[in-house]
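See structure below.
The values are calculated or read from the model by the stated rules, or taken from the named source; none is laboratory data. The shown structure was predicted, so the numbers you read here are calculated from the model rather than taken from an experiment. Don't worry about glycine lacking a Cβ; one is built from the backbone with ideal geometry, like all the others, and counts go over all protein chains shown. These accessible areas exclude ligands, DNA and RNA; they are computed on the full protein's heavy atoms, side chains included. Shrake-Rupley method; radii C 1.70, N 1.55, O 1.52, S 1.80 Å.
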Amino acid sequence: MRRFHYFPGDGLSTAELSAACLDGHLMPVGEGYIPADVPETSWMRARSLAPLLGADLAATLRTAAWVHGAIDAPPARLEVQRRVARRGKVVPSRRMAYRDVRIPLADLDLFGDVAVSSVARTIADLAREAPDDPALSALVAEYPVAVHAAVTWLDTHSHRPGIRAARALLREAA
């Protein structure tokens, strides 16, 4: 079976992987590298985050927007949230913005064992927290059907901050 993801320290050093990029054999994606002739799909993007997310975290907000293909590059600081019931020890990092609030399985898309907030949940969260973010506009344009699901999610979670403004924004977009 052909291997699709290469991570520094997993058989090859960062220098060796970078040299393979310069030679045109690999290209960087997320936290790793993939063969240059493999398309960069949502699955490939999500799997590239596996070393950081593990089984306990899920990609959310702009990081999820990148995985779903709405933006071209991952954010400089990955936005992640706890996906398991138990609270774990997450080492503070400049590379990750961590939220210790559990995101339910119903709001996740799974790419193998890597969890990413669903398109509808990502749209709802971005509408609440970053209504002017270009990632939100791109998601709405790319996934217009998910806007209705995002409004439904907002309707059923009305106790969260920013719901009214987000609901109005998404209804206008729909």
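Contour minus end-to-end for E172 and H157, with contour as 0.36 nm per residue of separation and end-to-end as the Cα-Cα distance?
3.5 nm
The amide H of A97, built 1.01 Å from its N in the peptide plane, has L78, E79, V80 as neighbours under 5 Å, considering only residues 5 or more places off or on other chains. DSSP beta bridges fully contained in the chain are about 65 percent antiparallel.
Which value, in Å to one decimal place, does the Kirkwood hydrodynamic radius take for the range 87-169 when every pair of different Cα atoms is included?
By the Kirkwood definition, the hydrodynamic radius is 13.9 Å.
How much accessible area does M44 have with a 1.4 Å probe, in Å² rounded to the nearest 10? Surface accessible to solvent at M44 totals approximately 10 Å². If R0 is taken as 35 Å, the Cβ-Cβ distance between A36 and V145 corresponds to a FRET efficiency of 0.60. Computed over protein heavy atoms with a 1.4 angstrom probe, the accessible surface ordering of F4, F111, largest first, is F4, F111. Extension gain for the segment V90 to S137, taken as residue separation times 0.36 nm less the Cα-Cα distance, is 13.8 nm to one decimal. Normalised per residue, the accessible area of the range 74-174 is 57 Å², obtained with a 1.4 Å probe and no contribution from ligands, DNA or RNA.
Orientation-averaged projection of the chain equals 11.0 nm² [convex hull of Cα atoms, one quarter of hull surface area].
Placing +1 on each Lys and Arg Cβ and -1 on each Asp and Glu Cβ, with no other charges, gives the range 53-174 a dipole about its Cα centre of roughly 600 debye. The mean sequence distance of close C-alpha pairs (under 8 Å, at least 6 residues apart), as a share of the length of the chain, puts its relative contact order at 16 percent. Among the trypsin sites (Lys or Arg not before Pro) in the range 1-66, those located in a DSSP loop and surrounded by at most 14 other Cβ atoms within 10 Å of their own Cβ are R2, R3. Its alpha carbons considered, the range 33-124 gives a radius of gyration followed by a Dmax of 12.5, 40 Å.
Shown is the FRET efficiency for A76 and R164, computed with R0 = 30 Å from the Cβ-Cβ distance and rounded to the nearest 0.05: 0.50.
Taking the accessible area of the chain, probe 1.4 Å, and keeping the other protein chains in place, the carbon and sulfur fraction comes to 55%.
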